[in-house]
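Accompanying notes for the structure given below.
Laboratory data are not the source of any read-out in this text; all were calculated from the coordinates shown. Predicted model only: the values in this text are computed from it and were never measured. Cβ placement follows ideal geometry from the backbone for every residue including glycine, while neighbour counts extend to all protein chains displayed.
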Amino acid sequence: MSSNSTLREYPVWDRMVRWFHWINVLSVLALIAIGVAIMNSKALGVSTDGKILLKTWHVYVGYVFVINLAIRLFWTFIGNRFSRWSAILPLGRRFKAQKTAYVAGLKEGKPVGIAGHSPLARYMVTVLFLLLSTQAVTGLVLAGTDVYMPPFGDSFKAWIADSPESEALIKPYSKEGVNEASYQQMRDLRSPYKEVHEIVFWILVAAIILHLLGVIYSELRERNGLVSAMFTGKKVFKDKPVDWDDESR
Ligand code: HEM
C-alpha cells in the first residue's frame, strides 16, 4: 500500500520485463552512437582499422541486444499476463473494449486506469518490437559479411574464398584469399540488408522519440507512476484498473 490511502500499488511489470527494458535502452543507445560513427566514418576521418574496430564493437553490443531481445520474445509466451502477446498486440475483444473505454476517457477528460499497456502504447510497443527484430536480423547478416563475425561469418568466408585453403586468409577489408566474382555476389546479397538496417535505424530513432513523448504525456495526464514502474514494477491507481482482476496477481 502507498502512504496515500486513496492510492493503491499494483504489481505490473515482472523482473524479467524490467531487466529487458533497461538492458535494451542501454544497448540501443550504444548501438545508435557507434552506428552513427560508422555511418559518418569518412567525414570523421576514421582509418580502416578504426572502422573495423567500430564495426566489431557495434557487433559485440549487438549480441547483447539480440540475446536480450530473444529472451524477451520468449518471455511473451511464459511471463506474467502483462508481458504476454495478449497484452501487447493491438488485437482481440479485450483490446477493443479497452480502446473504447480509453478513447471515451480521453474525450471526457477522465483518464481510464489501465495496468498494462494502454491501447496507444500497444501500437507503439508492437512497432518497437518489429523494428528491433528487423535490426537484429539485418545486423546479424551484416556482421557476417564485412567483419566475418558469427553466426554467419564462416559461411560468408567459405563463399567468397578463392579455395578452401585460402579461407583462413580472409580478413576484414583485405582482398587476400578472396575470389573477386564471389565477393561481388556477396556484396550484392548484403546490399538490401544494409539499406534496410539504415532505413530502420532512422525509423527507430523517430519511434524512440515518439515513445518517450508518449510516456511523458501519459505520466503527466494519468499520474500512475509509469516511469518508476519500470524500476519497481508497480503502478499506482486510485480506482481498480479496468484490466485488473484477481488472475493478475
Ligand atoms: C537497435 C539496434 C541497432 C541499431 C540502431 C543499429 C544502427 C546501425 C547504424 C546506424 C549503422 C550504420 C549504417 C550505415 O553505415 O549505413 C549500423 C551498421 C552496422 N550494424 Fe547495426 N544497429 C543495430 C543493431 C545491430 C545488430 C544487432 C548487429 C549485429 C549483431 C548490427 C551490426 C551492424 C554492422 C555489422 C554494421 C556495419 C554495416 C556495414 O558494413 O557498413 N547492428 N548499425
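Please work out whether the range 90-206 counts as rounded, prolate or oblate from its C-alpha gyration tensor, where a ≥ b ≥ c are the square roots of the eigenvalues and a/c under 1.5 means rounded, while otherwise a/b larger than b/c means prolate and anything else oblate?
Prolate shape, in that a/c is at least 1.5 and a/b is the bigger ratio.
Quote the relative contact order of the chain in percent (integer), defining contacts as alpha-carbon pairs under 8 Å separated by 6+ residues.
For the chain, the relative contact order is 27 percent.
At 7 Å along the Cα-to-beta-carbon direction for both residue 205 and residue 104, put a label point, then send me their distance in nm to one decimal.
Spacing of the two 7 Å Cα→Cβ label points: 4.3 nm.
I'd like to compare 61-72, 228-239: which one has the highest average count of other Cβ atoms within 10 Å, and what's the full order after that?
Result, highest mean first: 61-72, 228-239.
Given +1 on the Cβ of Lys and Arg, -1 on the Cβ of Asp and Glu, and no further charges, what dipole in debye does the chain carry about its Cα centre, rounded to the nearest 20?
Dipole of the chain, to the nearest 20 debye: 1240 debye.
Would you work out which of 113, 208, 17 lies farthest towards the positive end of the dipole of the chain? Charges go on Cβ: Lys and Arg +1, Asp and Glu -1.
Value computed over the given set: 113.
Report, in deg cm²/dmol and to the nearest 500, the calculated mean residue ellipticity at 222 nm for the chain, where each DSSP H run with n ≥ 4 adds -39500 (n - 2.57) and the sum is divided by the residue count.
It comes out at -22000 deg cm²/dmol, rounded to the nearest 500.
What percentages make up the Cα-Cα pair-distance distribution of the range 1-150 when the bins are 10 Å wide from 0?
So the P(r) values, bin by bin, are 10, 30, 26, 19, 11, 4, 0.
Pairs of alpha-carbon atoms within less than 8 angstrom and 6+ residues apart define the contacts here; what relative contact order does the range 8-122 have, in percent?
For the range 8-122, the relative contact order is 29 percent.
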